[in-house]
Amino acid sequence: NMVLDKEESVSLVSLQSREKPRGCAGCNRKIRDRFMLQALDRYWHEDCLKCACCDCRLGRMGSTLYTRANLILCRRDYLRLFGVTGNCAACSKLIPAFEMVMRARDNVYHLDCFACQLCRQRFCVGDKFFLKNNMILCQLDYEGSHLNGNTERQPQ
Ligand SMILES: [Zn+2]
Ligand SMILES: [Zn+2]
Ligand SMILES: [Zn+2]
Ligand SMILES: [Zn+2]
C-alpha cells in the first residue's frame, strides 16, 4: 500500500522584513502578506491552504490538516472519507466512517449484516431483536435458544 496518511499541524508564521518573499505552495505566487501559513514543509497564503473537499480554510481552523495521496483535507472530511467506524460485529470487516450503520449496545453492524444470525431475518424499525453471546437474534430464535439451553441443563 503506497498511500500514506499524514496528520500535520498548521502554523502561522510571520515574514521577517529582511526575508525574501516565499512562493506559495498553493498558487505558486509570492507571499507578500505579513503572515503566512506553514504546513507540510511548505508555505501558503492564508487563503490558499484549503480543504480539497469543503474548501474551508485550514489555517483558520487553527490546527491540523490531513493528507492522503495528493489530497489535503480538514479533519472532518478526512474522517468522513477515510476514517473507520469500527469492525462489524457480525462479519468482523471494517466499516468505513461514511457508511450507515446499525448499533446495538457497543456493537456496530453493516446495514446488510444487521439480521438475525440464525434465520437471517432482517429487522425493521420497531422490531425486537436480542443479543446473545454477541449474536443478534430475532425473538423466535432467542426464545428457541433459551429453551434449548434450559433443556440441556435439565437432569433427565
Ligand atoms: Zn497562494
Ligand atoms: Zn473539509
Ligand atoms: Zn458486516
Ligand atoms: Zn431468527
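The values are calculated or read from the model by the stated rules, or taken from the named source; none is laboratory data. What you see is a predicted model; the values in this text were computed from it and never measured. Positions of Cβ are backbone-derived with ideal geometry, glycine not excepted, and every protein chain shown enters the neighbour counts. Side chains included, ligands, DNA and RNA excluded: accessible areas come from the protein's heavy atoms. Shrake-Rupley method; radii C 1.70, N 1.55, O 1.52, S 1.80 Å.
Residue by residue, here is whether (1) within 16 Å of ligand 4 (Cβ to nearest atom); (2) closer than 30 Å to Val13 by Cα; (3) open to solvent by less than 70 Å² (accessible area, probe 1.4 Å); (4) touching a strand residue (DSSP E or B) at 6+ places or on another chain (Cβ under 9 Å) holds:
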| site | (1), (2), (3), (4) |
| --- | --- |
| Leu37 | no, yes, yes, yes |
| Arg76 | no, yes, no, no |
| Ser92 | no, no, no, no |
| Arg103 | no, no, no, yes |
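Scanning the stretch 49-77 for residues that are of a type in the set (A, V, I, L, M), part of a loop (DSSP other than H, G, I, E, B) and within 13 Å of ligand 2 (Cβ to nearest atom) gives Leu49, Ala52, Leu58, Met61. Screening the candidates Glu46, Glu99, Glu19 for the property of being surrounded by 13 or more Cβ atoms within 10 Å (Cβ to Cβ), away from ligand 1 (no atom under 16 Å from the Cβ) and not in a strand (DSSP E or B) yields one hit, Glu99.
If you go through the stretch 78-90 one residue at a time, how many are open to solvent by less than 80 Å² (accessible area, probe 1.4 Å), under 21 Å from Met135 (Cβ atoms) and not in a loop (DSSP other than H, G, I, E, B)? Total meeting the criteria: 3.
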